[in-house]
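Participant: First the structure, then my questions, so here it is.
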There are 2 protein chains.
Amino acid sequence: MSGAERGARVMARLDQLARHSATPGALTRLYLTPEHRAAADQVAAWMREAGLAVRIDAVGSVIGRREGDRPGLPALLLGSHIDTVRDAGKYDGALGVVAAIEAVAALGDRRMPYAIEVIAFGDEEGVRFPVTLTGSRALAGTLDPASLDACDAAGVAMRSALVAFGAPAIGAAAALGYRRDAVLGYCEVHIEQGPVLEAAGLPVGIVTAIAGAARHMVEITGVAGHAGTVPMALRHDPVCAAAEMVLAAERIARETAGLVITTGIVAAEPGAINVIAGGARLSLDIRSGDDAVRHAATAALRAEIAAIAARRGVAVAIADLYEAKAAPCAPPLVGALAESVARCGVTPRHLPSGAGHDGLAMIDLCPIAMLFVRCKLGISHNPAESIMAGDAALAVAVLTDFLTRFDPRLTEQGPSQ
Amino acid sequence: MSGAERGARVMARLDQLARHSATPGALTRLYLTPEHRAAADQVAAWMREAGLAVRIDAVGSVIGRREGDRPGLPALLLGSHIDTVRDAGKYDGALGVVAAIEAVAALGDRRMPYAIEVIAFGDEEGVRFPVTLTGSRALAGTLDPASLDACDAAGVAMRSALVAFGAPAIGAAAALGYRRDAVLGYCEVHIEQGPVLEAAGLPVGIVTAIAGAARHMVEITGVAGHAGTVPMALRHDPVCAAAEMVLAAERIARETAGLVITTGIVAAEPGAINVIAGGARLSLDIRSGDDAVRHAATAALRAEIAAIAARRGVAVAIADLYEAKAAPCAPPLVGALAESVARCGVTPRHLPSGAGHDGLAMIDLCPIAMLFVRCKLGISHNPAESIMAGDAALAVAVLTDFLTRFDPRLTEQGPSQ
C-alpha cells in the first residue's frame with residue numbers, strides 16, 4: 001500500500017468514525033456514551049485488522065498490543081483520544097488513533113525489539129464529567145479514585161457509566177497503572193489546533209513541550225464619576241488602568257519567546273456610556289512550555305500591574321484561578337521524531353503545544369513526544385476543523401519511519417519508583 | 001439678616017423641600033407628580049414671601065416676578081429645577097431655586113433698572129417622560145409639541161399629567177415662548193457635580209460653557225482563537241486593539257484643554273478566559289465647552305483608531321449615537337459674575353460644565369450664565385450629595401452682588417427674530 005493510499009484510508013476512517021455521534025449531522029461523542037462505545041468497537045476492529053491484540057480497560061480505553069521480537073518486552077505507547085467536544089471536528093484526537101493504527105499496519109510482519117501498544121483514550125476533553133484525562137491518568141497510576149464518583153449533568157456517576165459502557169469491573173484505581181519498566185514512552189500524533197505550521201508552510205511539526213498554564217483574574221477598583229464633570233487629571237479610571245495592563249501583558253508575551261498571554265475577558269463596572277467606571281476586571285491566561293519562563297514572565301507582569309495601579313491611584317487584586325505545570329517532551333524522542341521528519345523530506349520544525357493533551361498525564365509514567373499535523377486556519381473544536389489527506393499520509397510515514405528506527409535503549413526505564 | 005443667616009435659611013429650606021418625595025426616607029421627585037406639585041406650592045410660598053408675583057405656567061414651571069424701577073422692563077431670569085432623579089441628593093436643582101429666592105429677598109425694597117424672574121423648572125432631569133428640558137424649552141419657544149404626547153412608563157401622557165398637576169390650559173406649544181426683547185439673560189446657581197472646585201479649595205466657580213457632547217460605540221472585529229495555540233505574532237486580538245484605543249482616547253483628552261473623553265463600556269466577545277476574543281466593543285463619551293475643540297479631537301481620535309486597527313489587522317466600525325452642541329456662557333455675564341465672586345473675597349475660577357442644564361435650552365432665548373457651588377467629593381445624583389452652609393451663603397452673596405450691580409445694557413436684546 002502506498003503512502004497516498006494509507007493517507008486516503010486514514011481520511012476515510014476519520015469520516016467513518018465521525019458518524020458515531022449523539023447528534024445526526026454534527027459530531028458530539030462524550031465519554032462512556034453509546035456512541036463512544038460504538039466508536040471504541042470500530043477502533044478495536046481496525047486494531048485487530050492491523051494485527052493487534054485488543055482489550056478495553058477498566059476506564060474504557062481501547063488498547064491494542066503488538067508484541068516485539070519476543071513476548072513481554074516493554075512497550076512504546078502510541079495513540080490519542082476518541083471522545084470529542086460538543087459540535088466537534090473530525091480530527092481532534094481521532095487522527096492520532098487512526099494514524100497510529102495505520103503506522104502499525106505499515107510495519108507489516110516486521111518484528112521490533114520492543115512491543116507497541118495503540119491506545120484510544122476515552123476522556124481527554126473532560127466534557128461529560130467534571131474531571132479529565134481519566135484514561136491516561138489510569139495508565140499513569142495517578143487517577144484520583146474520587147473521579148469515579150464524579151457525576152455528569154444528568155446525575156449519572158462515572159462508576160455507573162462504566163458499567164453501562166461495558167468496561168471490565170474496576171478494582172482499586174491505582175492498580176490500573178502500568179509498571180514503569182513495562183513502558184518505553186508515549187508518542188501521540190495530533191492536529192496542531194493552531195496556525196503555526198500552516199503559516200510556515202509545513203505539514204508536520206515536532207512538539208517541544210505541552211505548555212504549562214496559569215489563569216488569573218485581575219480586579220481593579222477606581223473612582224466612579226460623571227463622564228462630563230471630572231477633569232482627566234482628577235480621574236482614577238479603572239478602564240484606562242485595565243487597558244494599560246492588557247498592553248503590558250501583550251508586550252511581555254511578545255518579548256518572551258515561547259510564551260503567550262491572553263486577555264479573553266475585559267469588562268467595566270457599572271458599564272454605562274456616561275459614567276466613569278468604578279471598577280474593571282480582566283482575565284490573564286499565561287502559557288509556556290517552560291515553567292521557569294512562565295513564572296518569570298508572570299512575576300514581571302505582576303510588578304507592571306502593581307506599578308500601573310500605583311501610578312493611577314487605583315486598587316488592584318489578582319486572583320489566581322488555576323495552574324498546571326508544563327510537560328516537556330523527552331529529548332531522545334523529540335530528536336528521533338525530527339530525524340524521521342527530515343527523512344520524509346520535511347524541514348523539522350519544533351513548536352510548543354499550547355493546548356493540553358493526554359501527555360500531561362502520561363508524563364508521570366514515561367517519556368512523552370507528540371507530532372503535530374497542520375490544520376486549516378488553526379481552527380479546532382469546531383465542525384470547520386480540516387486537514388489535508390497528504391498531511392495525514394505524511395504523518396503516517398513519519399510515524400512508521402520513527403517506529404522502524406526506534407531504539408528501545410533510548411528511553412528504557414527502570415522499575416516503578 | 002446676615003450672610004450666614006441667609007446661608008442657614010437656604011440649607012433649612014433645602015431640607016424642607018427634600019421632604020416632598022415619592023419615597024419616605026429618600027428623595028425622588030419626578031415631573032408633574034403630587035410631590036412635584038407640593039414642592040412647587042412650597043416654592044411659590046417662599047417666592048411670595050420674598051415679594052415676587054407668582055404664577056405657574058402651562059408646563060408646570062413656577063415663575064415669580066419682581067418688577068424693576070418701572071413696570072414691564074425686560075427681565076433677568078434666575079433659577080433652576082425642582083425635579084430630581086430617583087434616590088437623589090437634596091441640592092441638584094433645588095439649590096439654584098432657593099438661592100435665587102434668597103438673593104432677591106436680600107435686595108429688599110431696592111428697585112433695579114430691570115425686572116427679575118425666579119423660575120423653578122419642573123423637568124430638567126427627564127426621568128419620567130422620554131423628553132427633557134420641557135420647562136426651559138417652553139420658555140425658549142423650542143418645545144416640540146410632540147413632547148406633550150410623550151408617555152411615562154405607566155402610559156400617562158404628559159398632556160394628561162399637566163391637567164392632573166393643575167397647570168393652566170395649554171395652547172400652542174410655541175406660544176409659551178418668551179419674547180427675546182422681554183429677557184436680558186438667564187443665570188443659574190447649581191452644584192458643580194464634579195470635583196474641580198473642591199480640589200482647588202474654592203467655594204464657587206464661574207461656568208464658561210455647558211459642554212457639547214457626543215457618544216460613539218466602537219465595534220472591533222478580530223480573529224478568535226485558542227489562547228494556547230496561537231503565537232502572539234499571528235494574533236489579531238480585538239481586546240488588545242481596544243486597549244490601545246482606550247489609551248489613545250485618554251491621551252488625546254489629556255493633551256486637549258477643556259476636553260474629557262470617557263470609556264465607560266468595554267467588553268470582549270465571547271468573553272472566555274481561554275479564548276482569544278473575536279470581537280470587542282468600547283464606548284466613547286466626548287465633551288467640551290468648545291465644539292470646535294471637540295470636533296478636532298474627535299477627528300484625531302478617529303484617525304488614531306483607524307491606524308490602530310490597520311496596524312493590528314482588525315476591522316473597526318464606529319457608530320455615532322448622540323451629539324449635542326455646546327452652550328457657551330455669555331462673556332458679559334461671565335465677567336460680571338467673576339467680578340462679584342472677587343468682591344466676595346474668592347479668587348474667580350472659570351470651569352466648564354460637563355453635565356447638561358436648563359441653559360442648554362435657554363441659550364436659544366437669551367445669554368446664559370451659571371455659578372457653580374462646590375460639592376463634597378463631586379458626588380451628585382446620589383443621597384450622599386452634600387454642600388456646606390458657608391458655600392451656600394457665599395453663592396447667595398455673589399448672586400446678590402451680581403444683581404445689585406447688574407447693568408441691563410450689558411445684554412439687552414432686540415425683538416424676537
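For every residue, the table says whether it meets (1) touching a strand residue (DSSP E or B) at 6+ places or on another chain (Cβ under 6 Å); (2) closer than 20 Å to A:HIS381 by Cα.
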| site | (1), (2) |
| --- | --- |
| B:HIS236 | no, yes |
| B:VAL239 | yes, no |
| B:GLU244 | no, no |
| B:GLU250 | no, no |
| B:LEU259 | yes, no |
| B:VAL266 | yes, no |
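Participant: I'm trying to understand the selection: among the residues of region B:5-23, which are part of a helix (DSSP H, G or I), under 17 Å from B:GLY89 (Cβ atoms) and open to solvent by 50 Å² or more (accessible area, probe 1.4 Å)? Please lay out each step first, then the result.
Facilitator: Going residue by residue through region B:5-23, those that are part of a helix (DSSP H, G or I) are B:5-17.
From the residues that got through so far, the ones that are under 17 Å from B:GLY89 (Cβ atoms) too are B:10-17.
Answer for region B:5-23, where residues must be part of a helix (DSSP H, G or I), under 17 Å from B:GLY89 (Cβ atoms) and open to solvent by 50 Å² or more (accessible area, probe 1.4 Å): B:ALA12, B:ASP15, B:GLN16.
Participant: Got a number for residues in region A:41-78 being over 19 Å from A:PHE406 (Cβ atoms), buried (at least 24 other Cβ atoms within 10 Å of the Cβ) and small (Gly, Ala, Ser)?
Facilitator: So the answer is 2.
Participant: Looking only at region B:214-228, which residues are open to solvent by 10 Å² or more (accessible area, probe 1.4 Å), in a strand (DSSP E or B) and more than 7 Å from chain A (Cβ to nearest Cβ)?
Facilitator: B:HIS216, B:MET217, B:GLU219, B:THR221, listed by residue number.
Participant: Given the criteria more than 16 Å from A:ASP237 (Cα to Cα) and either modelled with pLDDT of 95 or more or buried (at least 24 other Cβ atoms within 10 Å of the Cβ) (or both), does B:ALA257 qualify? Write out each step before concluding.
Facilitator: Working: more than 16 Å from A:ASP237 (Cα to Cα): yes; either modelled with pLDDT of 95 or more or buried (at least 24 other Cβ atoms within 10 Å of the Cβ) (or both): no.
For B:ALA257, the condition - more than 16 Å from A:ASP237 (Cα to Cα) and either modelled with pLDDT of 95 or more or buried (at least 24 other Cβ atoms within 10 Å of the Cβ) (or both) - is not met.
Participant: Now a separate question. Inside region B:22-63, can you point out the residues that are over 28 Å from B:ALA75 (Cβ atoms) and free of Cβ contacts under 8 Å to residues at least 40 places away in the same chain?
Facilitator: Let us first name the residues in region B:22-63 that are over 28 Å from B:ALA75 (Cβ atoms), namely B:22-28, B:30, B:33-35.
Scanning region B:22-63 gives B:ALA22, B:PRO24, B:GLY25, B:PRO34, B:GLU35.
Participant: Would you check which residues across region B:24-40 are open to solvent by 40 Å² or more (accessible area, probe 1.4 Å) and out of contact with any helix residue (DSSP H, G or I) (no Cβ under 9 Å at 6 or more places or on another chain) and list them? Walk me through how you get there before you give the answer.
Facilitator: First, pick out the residues of region B:24-40 that are open to solvent by 40 Å² or more (accessible area, probe 1.4 Å): B:24-25, B:34, B:37.
Of everything in region B:24-40, those that are open to solvent by 40 Å² or more (accessible area, probe 1.4 Å) and out of contact with any helix residue (DSSP H, G or I) (no Cβ under 9 Å at 6 or more places or on another chain) turn out to be B:PRO24, B:GLY25.
Participant: If you don't mind, another one. Within region B:167-174, does at least one residue satisfy the condition of being in contact with a Gly (Cβ under 8 Å, 6 or more places away or on another chain) and open to solvent by 10 Å² or more (accessible area, probe 1.4 Å)?
Facilitator: Step one: filter region B:167-174 for residues in contact with a Gly (Cβ under 8 Å, 6 or more places away or on another chain), giving B:167, B:174.
With the extra rule that they be open to solvent by 10 Å² or more (accessible area, probe 1.4 Å), the set shrinks to B:167, B:174.
Yes, some residue in region B:167-174 is in contact with a Gly (Cβ under 8 Å, 6 or more places away or on another chain) and open to solvent by 10 Å² or more (accessible area, probe 1.4 Å).
Participant: In this structure, is A:VAL396 touching a residue at least 12 places away in the same chain (Cβ under 8 Å), farther than 22 Å from A:ALA75 by Cβ and touching a helix residue (DSSP H, G or I) at 6+ places or on another chain (Cβ under 6 Å)? Full working, then the answer.
Facilitator: On the way: touching a residue at least 12 places away in the same chain (Cβ under 8 Å): yes; farther than 22 Å from A:ALA75 by Cβ: no; touching a helix residue (DSSP H, G or I) at 6+ places or on another chain (Cβ under 6 Å): yes.
Judged against the criteria, A:VAL396 is not a match.
Participant: Which members of region B:175-212 meet the condition of being open to solvent by less than 50 Å² (accessible area, probe 1.4 Å) and over 23 Å from the mean Cα position of the chain (by Cα)?
Facilitator: Within region B:175-212, B:ASP181, B:ALA182 meet the criteria.
Participant: Oh, and also: For region B:229-252, enumerate the residues that are buried (at least 22 other Cβ atoms within 10 Å of the Cβ), within 7 Å of chain A (Cβ to nearest Cβ) and not hydroxyl-bearing (Ser, Thr, Tyr).
Facilitator: Those that are buried (at least 22 other Cβ atoms within 10 Å of the Cβ), within 7 Å of chain A (Cβ to nearest Cβ) and not hydroxyl-bearing (Ser, Thr, Tyr): B:VAL230, B:VAL239, B:CYS240, B:ALA243, B:VAL246.
Participant: Would you say B:SER80 is over 28 Å from B:ALA330 (Cβ atoms) and under 22 Å from the mean Cα position of the chain (by Cα)?
Facilitator: no
Participant: I'd like to check which strands (runs of 3 or more DSSP E) are fully inside region A:307-417 and have at least 2 residues that are surrounded by fewer than 14 Cβ atoms within 10 Å (Cβ to Cβ).
Facilitator: Details: elements: A:315-324, A:350-353, A:368-373.
Those strands (runs of 3 or more DSSP E) span A:315-324.
Participant: Going by the conditions given, is B:THR256 in contact (Cβ under 8 Å) with a residue 24 or more places away in the chain and of a type in the set (Ser, Thr, Tyr)? Break it down stepwise before answering.
Facilitator: Numbers: in contact (Cβ under 8 Å) with a residue 24 or more places away in the chain: yes; of a type in the set (Ser, Thr, Tyr): yes.
Here the answer is yes, as B:THR256 does meet what is asked.
Participant: Next question, about the same structure. Evaluate the following for B:THR221: is it within 30 Å of B:ILE273 (Cβ to Cβ), modelled with pLDDT of 95 or more and not charged (D, E, K, R)? Break it down stepwise before answering.
Facilitator: On the way: within 30 Å of B:ILE273 (Cβ to Cβ): yes; modelled with pLDDT of 95 or more: yes; not charged (D, E, K, R): yes.
Taking the combined requirement at face value, the residue satisfies it.
Participant: Would you be able to say whether some residue in region B:276-287 is at the interface with chain A (Cβ under 7 Å from one of its Cβ atoms), touching a residue at least 40 places away in the same chain (Cβ under 8 Å), over 29 Å from B:ARG349 (Cα atoms) and in contact with an Asp or Glu (Cβ under 7 Å, 6 or more places away or on another chain)?
Facilitator: Of all residues in region B:276-287, those at the interface with chain A (Cβ under 7 Å from one of its Cβ atoms) come to B:276-277, B:283, B:285, B:287.
Right, trim to touching a residue at least 40 places away in the same chain (Cβ under 8 Å) and you get B:276-277, B:283, B:285, B:287.
Checking which are over 29 Å from B:ARG349 (Cα atoms) leaves us with B:276-277, B:283.
Pick out the ones that are also in contact with an Asp or Glu (Cβ under 7 Å, 6 or more places away or on another chain) and you get B:276-277.
Among the residues of region B:276-287, at least one is at the interface with chain A (Cβ under 7 Å from one of its Cβ atoms), touching a residue at least 40 places away in the same chain (Cβ under 8 Å), over 29 Å from B:ARG349 (Cα atoms) and in contact with an Asp or Glu (Cβ under 7 Å, 6 or more places away or on another chain), which makes the answer yes.
Participant: Check region A:314-323 and report whether any residue there is more than 25 Å from B:THR262 (Cβ to Cβ), over 25 Å from the mean Cα position of the chain (by Cα) and away from chain B (no Cβ under 13 Å).
Facilitator: Within region A:314-323, one or more residues are more than 25 Å from B:THR262 (Cβ to Cβ), over 25 Å from the mean Cα position of the chain (by Cα) and away from chain B (no Cβ under 13 Å).
The values are calculated or read from the model by the stated rules, or taken from the named source; none is laboratory data. Keep in mind the model is a prediction, meaning the values are calculated, not measured. When we count neighbours, we look across all protein chains shown, and the Cβ atoms used for this are built from the backbone with ideal geometry, even at glycine. Protein only, heavy atoms only, side chains kept; ligands, DNA and RNA dropped before computing areas. Shrake-Rupley method; radii C 1.70, N 1.55, O 1.52, S 1.80 Å.
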